[in-house]
Amino acid sequence: MSILKVYHLPKSRSMRVLWLLEELGLGYEVEAVEFIPGKFGGDAYTKIHPLNKIPALVDGDMVMFESVAVMQYIMDKYAAGQLRPDVTSAEYGPYLQWLHYGESTLAPVVATMMYQRFFFPKEQRSEATDIWAQKELVKILSILETQLGDHDYVLASGFSAADISIGYSLLLARFAGAKEQISPRIQKYWEALTARKAWETVSKL
């Protein structure tokens, strides 16, 4: 196995990939990407990721991006069945659903709030859009709360890569100032995630 290289920017989606690698105990190399708004890493990084976004993974001659896709690649190739249910398990379908929920359902609404509150110039911000995003986030988190029930993680069988996907988007929600939308149950889940040793390691990178 070649050493996996992860292109990383603190607090970005590369945290998902690094968190997964830490949980799996796999060796990796971190390549820091220069913070250049609008074009992370500059022209040199464009050769790795044509949109200059984070993360990117290099495994030998193979280069790929999209954080959840990178997670699936690592799981399929190197995880030996760890951090996910077996494909024959009744939990496998729900696992895939929640793995993608983190980026496909939760992250876009949180990103909308971030853009409306911090990134767009004031003259381009929309109060109506921000209010919509707040209400939508409540709905989106309510189904997560239902799924969590009385267990620590999103699957009854325990911690999985799906929790990593969701956990990063909950970090984004904190950055977005979504305090009112975070229920006590979601906060308890967040605390369980961030108490993990792998999270503590990656949050310092």
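The values are calculated or read from the model by the stated rules, or taken from the named source; none is laboratory data. Keep in mind the model is a prediction, meaning the values are calculated, not measured. Because the Cβ atoms are built from the backbone with ideal geometry, glycine has one as well, and the counts that use them run over all protein chains shown.
Worth a mention:
- For Thr112, the criteria (1) within 20 Å of Ala176 (Cα to Cα); (2) exposed (fewer than 15 other Cβ atoms within 10 Å of the Cβ) hold in every case but one, which is (2).
- Residue list for the range 37-63, restricted to those being surrounded by 14 or more Cβ atoms within 10 Å (Cβ to Cβ) and either free of Cβ contacts under 8 Å to residues at least 12 places away in the same chain or outside any loop (DSSP other than H, G, I, E, B) (or both): Tyr45, Ala56, Leu57, Val58, Asp59, Val63
- Test result for Leu205, touching a residue at least 12 places away in the same chain (Cβ under 8 Å) and either assigned to a helix (DSSP H, G or I) or closer than 13 Å to Trp98 by Cβ (or both): no
- Every condition in (1) touching a residue at least 40 places away in the same chain (Cβ under 8 Å); (2) assigned to a helix (DSSP H, G or I) holds for Asp76 except the one numbered (1).
- Here Val70 qualifies as under 17 Å from Trp19 (Cα atoms), touching a strand residue (DSSP E or B) at 6+ places or on another chain (Cβ under 6 Å), of a type in the set (A, V, I, L, M, F, W, C) and in a helix (DSSP H, G or I).
- Any hit, the range 176-190, residues being in contact (Cβ under 8 Å) with a residue 12 or more places away in the chain, closer than 12 Å to Trp19 by Cβ and aliphatic (A, V, I, L, M): no
- Any hit, the range 83-95, residues being at pLDDT 95 or above, of a type in the set (Val, Ile, Thr) and under 21 Å from Phe175 (Cβ atoms): no
- Qualifying residue in the range 19-36 (condition: outside the structural domain of Ile164 (by TED's automatic domain parsing), within 30 Å of Leu148 (Cβ to Cβ) and part of a loop (DSSP other than H, G, I, E, B)): yes
- Index of the failed condition, Thr46 passing every other in (1) closer than 30 Å to Leu155 by Cα; (2) of a type in the set (Ser, Thr, Tyr); (3) out of contact with any Leu (no Cβ under 7 Å at 6 or more places or on another chain): (1)
- Taking the listed residues Glu91, Glu127, the one that is among the acidic types (Asp, Glu) and free of Cβ contacts under 8 Å to residues at least 60 places away in the same chain is Glu127, with no other qualifying.
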